[in-house]
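*Asks:* Questions regarding the structure given below will be posed in turn.
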Amino acid sequence: MTATVTTRVAIIGAGPAGLLLSHLLADAGIESVVIDQRTREEIENTIRAGILEEGTVGVLSSSGASDRVVTAASRHEGIELRFAGEGYRIDFAALVGRAVYLYPQHEVLKDLIRARLAGGQDLRFGVTAQRVEGAGTDRPAVIATDAEGRTLTIEAEFVVGADGSRSVARAAVSGSSTGGYFREYPFAWFGILCEAPPSSEELIYSNSPDGFALISQRSATVQRMYFQCDPDTDPAAYSEEQLWDELQKRVPGTTLAQGPIFQRDVLRFRSFVAHELLKGRVALIGDAAHTVPPTGAKGMNLAVADVVVLEKALRALLLEDDSRPLEAFPEKALHRIWKAQHFSWWMTSMLHVAPDASDFDRRRQLGELRSVVESEHGRAYLAEAYTGWPLEGLT
Ligand code: PHB
């Protein structure tokens, strides 16, 4: 059994990038079909990071994609860097006049899915893209399989791969599903969610001789914390008591408020940028185009920045038959992507302890941290990058 649907833009992936793109396109009167291999429940319940740049919040709220991002997010005007037993506040508001917002990604996804369904979006869960065909033609197509194993062909004027780090669309764009600039890290994060009050008003990024820890939050009663671990760590290998010991010894100076741990996961780190972001009428955005380690909190923000650039290009192409903004899309998107890649790599390497770090490396790292916190320019660079560079065409 095969079925064919025709639309203007076929979007693979109902993550933040794909859903926001469909939302902005609909606003411009451009119809799309969005597919995702996961169920709605899986998408809405997968725990991801939680920091939104001001620009991201602006796009989500002004487009009507999410009101809760304004009413339910908590505004953070700084973070703390902690090392060598001392804490140093990076005051975003004073340094760059901006802030970030703590609002978990799966809440953004709930808002986006609700908004898209209310807007009549053709949004299909449980549909797995197999490949993209005809990238070099005016009628590219997505060949997919639905939950019952039937083939679905989506014919479109443009195809967008917003299908995450294991992108199927990537092969049609860069000639290989894995082709890209790539870096791995010799450590990962052990993440927990626990029922406890916050241990600190702001996020703490802590470098300690035992490794890195991040004390983050979710609400007044639920907290998110991470500590550096070996990438092969089995999440079940630690008792709750051991987890609290590991976390606590990495944040000397703060007594962590403990409570039942109800979720644990190990997050592997990668830095990746696909060799190509555009081929003919197929483009890659979000994690399909790039992956960053989570230390800089850039993943979802970068996806939103891609969407802002691509949406304008698609409007020009499909409403005015002007392909120039599309031709400029890769360079424009990559400009920000590589800045974010650098920032994410820098925060990661500055704060983690590499397993093979020598005494020289360790002392140099403390010198680097001191160079940042003791200089207004150093703090301002961190604040500028963390809160996010202005979005293309938006302020
Ligand atoms: C989180 O709250 O999950 C979080 C916050 C900041 C990061 C990464 C993750 O850099």
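*Asks:* Which percent, to the nearest 5, of DSSP beta bridges fully inside region 1-128 are antiparallel?
*Replies:* Just about 60 percent of them are antiparallel.
*Asks:* Sticking with this one: Using Cα atoms only, what is the angle between the long axis of helix 324-351 and the major principal axis of the chain, expressed in degrees (0 to 90) to the nearest 10?
*Replies:* Helix 324-351 sits roughly 20 degrees off the main axis of the chain.
*Asks:* List the lysines whose Cα lies under 19 Å from the Cα of Lys279, skipping any in the same chain that are fewer than 8 positions away.
*Replies:* Lys312, Lys332
*Asks:* Pick out, from Ala274, His290, His377, the residue whose Cα sits farthest towards the positive end of the charge dipole of region 260-382, with +1 on the Cβ of Lys and Arg and -1 on the Cβ of Asp and Glu.
*Replies:* Of the candidates, His377 comes out farthest on the positive side.
*Asks:* Hey, another quick one. Roughly speaking, what is the stretch gain from Ile47 to Glu331, that is 0.36 nm per residue apart minus the C-alpha to C-alpha distance, in nm to one decimal?
*Replies:* 99.1 nm
*Asks:* May I pose another question? Treating each Cα of region 324-390 as an identical point scatterer and ignoring solvent, apply the Debye formula and state log10 I(q)/I(0) at q = 0.20 Å⁻¹.
*Replies:* Values returned for q = 0.20 Å⁻¹ are -0.87.
*Asks:* Another question about this same structure. Angle between the Cα long axis of helix 359-373 and the longest principal axis of the chain, 0 to 90 degrees, nearest 10?
*Replies:* 80
*Asks:* Report the paramagnetic label zone for Arg363: residues of region 197-225 whose backbone N is under 18 Å from a point 7 Å from Cα along the Cα-to-Cβ axis.
*Replies:* 209
*Asks:* What's the angle, to the nearest 10 degrees (0 to 90), between helix 240-250's Cα axis and the longest principal axis of the chain?
*Replies:* Taking the Cα atoms of the chain, the angle to 240-250 is about 70 degrees.
*Asks:* Once you have a ≥ b ≥ c as the square roots of the Cα gyration tensor eigenvalues for region 261-334, tell me rounded if a/c is under 1.5, and otherwise prolate or oblate according to whether a/b is larger than b/c.
*Replies:* Since a/c reaches 1.5 and a/b is larger than b/c, the shape of region 261-334 is classed as prolate.
*Asks:* Treat every Asp and Glu Cβ in the chain as -1 and every Lys and Arg Cβ as +1, leave all other atoms uncharged, and give the resulting dipole magnitude about the Cα centre to the nearest 20 debye.
*Replies:* Its charge dipole is roughly 300 debye.
*Asks:* When only alpha-carbon atoms are used, what values of Rg and Dmax, in angstrom, describe region 102-186?
*Replies:* 15.6, 45
*Asks:* Expected output is a single nm value to one decimal: the length gained when fully extending between Arg40 and Glu148, i.e. 0.36 nm times separation in residues minus the C-alpha distance. What is it?
*Replies:* Contour length minus Cα-Cα distance gives 37.2 nm.
*Asks:* Then there is this: Summing +1 for each Lys or Arg and -1 for each Asp or Glu, what net charge is found among the other residues whose Cβ lies under 11 Å from the Cβ of Lys339?
*Replies:* In short, +1.
*Asks:* I would also like to ask the following. What is the distance, in nm, between label points placed 7 Å from the Cα along the Cα-to-Cβ direction at Arg114 and at Ala171?
*Replies:* Computed distance between label sites Arg114 and Ala171 equals 3.8 nm.
*Asks:* Can I ask one more? Under a point-charge model restricted to the Cβ atoms of Lys and Arg (+1) and Asp and Glu (-1), what is the dipole moment magnitude of region 56-214 relative to its Cα centre, in debye to the nearest 20?
*Replies:* Charge dipole of region 56-214: 280 debye, to the nearest 20.
*Asks:* Under 28 Å Cα to Cα from Lys249, which lysines show up? Leave out anything in the same chain fewer than 8 places away.
*Replies:* Cross-link targets: Lys298.
*Asks:* Two decimals, Cα atoms only, Kirkwood Rh: what is Rg/Rh over the chain?
*Replies:* Rounded to two decimals, Rg/Rh equals 0.98.
Computed from the coordinates by the stated procedures, all read-outs in this text should not be read as laboratory data. As the structure is a prediction and not an experimental result, all values here were calculated from the model. Here Cβ is always computed from backbone atoms with ideal geometry, including for glycine, and neighbour counts include all displayed protein chains.
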